Amino acid sequence: MAKASQNKAASQNKKASQKTPPSLSNADIATDTGLVERLAEIARTHDLSEVVFERDGLHIRVARQAAVAAPVHYTAAAPAVVAPPPVAASPVPPPIANADAPGVVKSPMVGTAYRRPSPEAKPFVEIGSLVKAGEKIMLIEAMKTFNDIVAPRSGTITAIFIDDTQPVEYGEALLTIE
């Protein structure tokens, strides 16, 4: 009989140790409603689609649907008419380059031509400048490297076909030395 009572007591202890869902009173439900409202506020504030809360066997999941945005139609604005920047009046319009003319210095590479060593400095040469063979007449930047362009012969600069900071191609006429 002692064994039977021990088995009965163990069975009752086992049932007592199993979790049973807590019963909720009206006060608990009111508290839980406030908790749900706070969880919904957290989801809304942080733009979350779902918030889950678990404690002491209580499991609350608050989920919200993302609002589907109405399609947005974009229309391109008419391009604004912008006046071209004023061009400094040059005394002589730049001559048309004839790459095959005698005395024409051609670009030895593709890059950006610079007629001056720095933006504040005066140009290396101007029309009418006298140059000696081997004298630096401009720079061409290619792949972040500045390459000196030197006069191939002595003479006078009679035409300059490019502007400062202008992109140039291989073989393009840069200037003429006569």
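For GLN166, the residues 5 or more places off, or on other chains, whose built amide H falls under 5 Å of its own are ALA113. Approximating the spin labels as points 7 Å out from Cα along Cα→Cβ, the ARG61-to-ALA142 distance works out to 6.7 nm. Taking every Cα-Cα distance in the range 104-177 and sorting them into 5 Å bins starting at zero, the pair-distance distribution P(r) comes out as 4, 18, 31, 28, 16, 3, 0 percent.
Neighbouring Cβ atoms within 10 Å as the yardstick, rank VAL110, VAL51 fewest first.
In order of increasing Cβ crowding within 10 Å: VAL110, VAL51.
Between ASP163 and LEU130, the modelled labels are 3.2 nm apart [label points 7 Å from Cα along Cα→Cβ].
Taking the number of Cβ atoms within 10 Å of each Cβ as an exposure proxy, the fewest-first ranking of PHE124, PHE53 is PHE53, PHE124. In loop segments of the range 126-178 as defined by DSSP, the chymotrypsin sites (Phe, Trp or Tyr not before Pro) with at most 16 further C-beta atoms inside 10 Å of their C-beta are TYR170. Residues SER107, SER129, arranged from fewest to most other Cβ atoms within 10 angstrom of their Cβ, appear as SER129, SER107.
Length gain on complete extension for the stretch ALA121 to ASP47, per 0.36 nm per residue less the alpha carbon to alpha carbon distance?
Here the answer is 20.9 nm.
Where a number appears in this text, it was derived from the coordinates with a stated rule and is not lab data. All of these numbers come straight from a predicted model, not from anything done at the bench. All Cβ positions, even for glycine, are placed from backbone atoms using ideal geometry, and neighbour counts span all protein chains on display.
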